[in-house]
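So the structure is just underneath, and the comments pick up after that.
The values are calculated or read from the model by the stated rules, or taken from the named source; none is laboratory data. Bear in mind the structure is a predicted one, so any value in this text is a computation, not a measurement. FYI the Cβ positions are ideal-geometry reconstructions off the backbone, even for glycines, and counts take in every protein chain you see. Just the protein is used for accessible areas: all its heavy atoms, side chains included, with ligands, DNA and RNA removed. Shrake-Rupley method; radii C 1.70, N 1.55, O 1.52, S 1.80 Å.
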Amino acid sequence: MQLAKVVGTVVATRKESSLDGLKFLVVHPLDETGKPTGGQVVAADAVGVGPDEVVLIAAGSSARQTEATNNRPVDAVIMAIVDAWDVGDRTQYKK
Amino acid sequence: MQLAKVVGTVVATRKESSLDGLKFLVVHPLDETGKPTGGQVVAADAVGVGPDEVVLIAAGSSARQTEATNNRPVDAVIMAIVDAWDVGDRTQYKK
Amino acid sequence: MQLAKVVGTVVATRKESSLDGLKFLVVHPLDETGKPTGGQVVAADAVGVGPDEVVLIAAGSSARQTEATNNRPVDAVIMAIVDAWDVGDRTQYKK
Amino acid sequence: MQLAKVVGTVVATRKESSLDGLKFLVVHPLDETGKPTGGQVVAADAVGVGPDEVVLIAAGSSARQTEATNNRPVDAVIMAIVDAWDVGDRTQYKK
Amino acid sequence: MQLAKVVGTVVATRKESSLDGLKFLVVHPLDETGKPTGGQVVAADAVGVGPDEVVLIAAGSSARQTEATNNRPVDAVIMAIVDAWDVGDRTQYKK
């Protein structure tokens with residue numbers, strides 16, 4: 001999984017019908033210092049997150065293993081909201 | 001998923017027979033400023049898009065979770081046409 | 001999928017038995033100008049291609065969705081031979 | 001699989017319910033000299049590891065092939081703790 | 001698939017139980033000139049290879065499509081030993 005920050009939203013009305021009701025969010029993966037790294041990813045929201053939250057995203061077929069995304073053409077999902085992220089003795093992030 | 005722009009087409013008559021009738025489009029993923037990033041991808045069209053449209057693509061096994069691509073050897077699919085894409089308070093793209 | 005050019009062959013007699021009879025080709029993905037990009041890939045041939053042809057390759061589990069590769073340990077397949085590839089108004093390649 | 005070192009932890013209380021009880025660890029892949037390479041990954045722990053241990057991680061759908069992760073939205077798993085890692089005649093790591 | 005050279009071994013006694021008996025080898029992918037490229041990968045051995053051999057590796061879910069790796073948390077497998085590898089008219093490698 002990747003640690004990521006929720007940075008935006010995508011709205012699409014014309015789409016594969018199985019995607020109706022699913023919320024698409026723009027997230028940016030974070031590096032070990034908490035800075036955005038690599039490119040943005042659009043992920044389905046399986047847990048109900050708000051803007052700027054730090055989350056975990058799962059990619060690939062594993063992104064379909066939630067109630068919201070099962071059997072849908074979705075390759076990235078937000079499946080957890082991060083409360084705390086520690087590296088060694090240092091607290092990297094705390095909600 | 002990735003945000004991408006439709007930039008071209010690929011025609012192939014000799015192919016695995018299950019691919020008959022499927023439309024292959026060349027798309028270019030977009031970065032957070034809306035500029036093309038990384039390399040081109042060829043994606044199957046599951047929603048009926050036109051040239052230059054901004055779309056969402058799903059990759060991997062998830063690309064087979066549409067009616068058009070089910071059980072076919074396809075690893076990228078256009079499964080939504082983007083109406084609006086917002087990052088923070090900024091509208092990055094509006095159709 | 002990726003556009004790629006067939007550049008070579010790999011012969012392997014000692015292998016997982018389910019691979020008997022399958023042809024392995026070395027292909028090189030192409031960028032938007034038709035030049036080789038990234039590294040070489042070895043792909044199974046599901047359509048019967050010749051040297052130097054421009055093809056489409058599918059990767060991951062989708063590479064197993066052809067009659068030739070079904071249930072086999074193959075993560076890349078040539079599933080179509082490209083007749084024409086257009087980007088905008090320009091013909092990038094024509095067989 | 002990738003060789004990786006356990007460097008941290010992630011705690012998340014709000015998540016897909018199937019993830020309850022699963023431990024998420026921050027790991028850093030190692031290069032051939034044993035130095036961290038590329039970016040951090042968050043992996044589920046299927047074997048019970050401690051901080052700073054050298055482990056093997058499996059990614060993608062294979063990350064769901066353990067008792068702890070079966071059918072869960074998890075795309076990386078620690079499935080082994082490394083005792084010894086040899087490259088040619090050299091012992092790269094010994095627990 | 002990727003062409004790769006076997007460069008080392010990994011021993012792990014504490015692991016997911018389904019992995020018992022499986023041999024883990026360190027391999028290094030090769031570029032089109034036969035030089036190591038990118039980072040090392042740990043792959044399960046499905047065919048019985050020796051040190052320094054040139055092999056084919058399959059990744060992702062396809063790595064589980066061998067008798068040795070079926071249903072196991074393994075994301076890379078050596079599924080063939082290369083006898084000959086030709087690029088155009090040139091023999092890149094011959095066992």
Part-to-part distance (alpha-carbon centres) for the stretch C:21-92 and the stretch D:1-65, which is given in Å: 33
For the protein assembly as shown, the fraction of alpha-carbon pairs in successive 10 Å shells from zero, as %: 4, 20, 30, 28, 15, 3, 0
Computed magnitude of the charge dipole of the protein assembly as shown (debye, nearest 20; Cβ of K, R +1, Cβ of D, E -1): 20
Using a 7 Å Cα-to-Cβ projection, B:SER17 label spacings across copies, nm, ascending: 2.8, 2.8, 4.6, 4.6
For E:THR91, label point 7 Å along C-beta direction: distances to other copies, nm: 4.1, 4.1, 6.6, 6.6
Whole-percent carbon and sulfur share, accessible surface of chain E, 1.4 Å: 47
Evaluated over the stretch B:42-95, the Cα radius of gyration and Dmax, each in Å: 12.7, 40
Label point 7 Å beyond Cα along the C-beta direction, distances from E:GLY50 to other copies (nm, shortest first): 4.0, 4.0, 6.5, 6.5
DSSP beta bridge pairing in the protein assembly as shown, given as percent antiparallel to the nearest 5: 95
Which listed pairs, of A:LYS5/A:LYS94; C:LYS5/E:LYS95; A:LYS23/B:LYS94; A:LYS5/B:LYS35, have C-alpha distances above 23 Å, in listed order: C:LYS5/E:LYS95
Shielding of D:21-29 by partner chains, average beta-carbon count, 10 Å: 2
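Report the rotationally averaged projected area of chain D based on its alpha-carbon convex hull, in square nanometres. Spell out each step's value before the answer.
Numbers: hull surface 24.6 nm².
The Cα convex hull of chain D, projected and averaged over all directions, gives 6.2 nm².
Given charges of +1 on the Cβ of Lys and Arg and -1 on the Cβ of Asp and Glu, with all other atoms neutral, how large is the dipole of the stretch B:2-94 about its Cα centre, in debye to the nearest 20? Please report the intermediate quantities before stating the final value.
On the way: 9 positive and 12 negative charges, 58 e Å.
Roughly 280 debye for the stretch B:2-94.
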Protection proxy ranking, peptides C:85-92, E:38-45, D:35-42, average beta carbon neighbours within 10 Å, highest first: E:38-45, D:35-42, C:85-92
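Determine the relative contact order of chain D: mean sequence separation of Cα pairs under 8 Å and six or more apart, normalised by residue count, in whole percent.
Numbers: 193 pairs, mean separation 25.3, N = 95.
In percent, rounded to a whole number, it is 27.
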Antiparallel DSSP beta bridges within chain A, as percent of all bridges there, nearest 5: 90
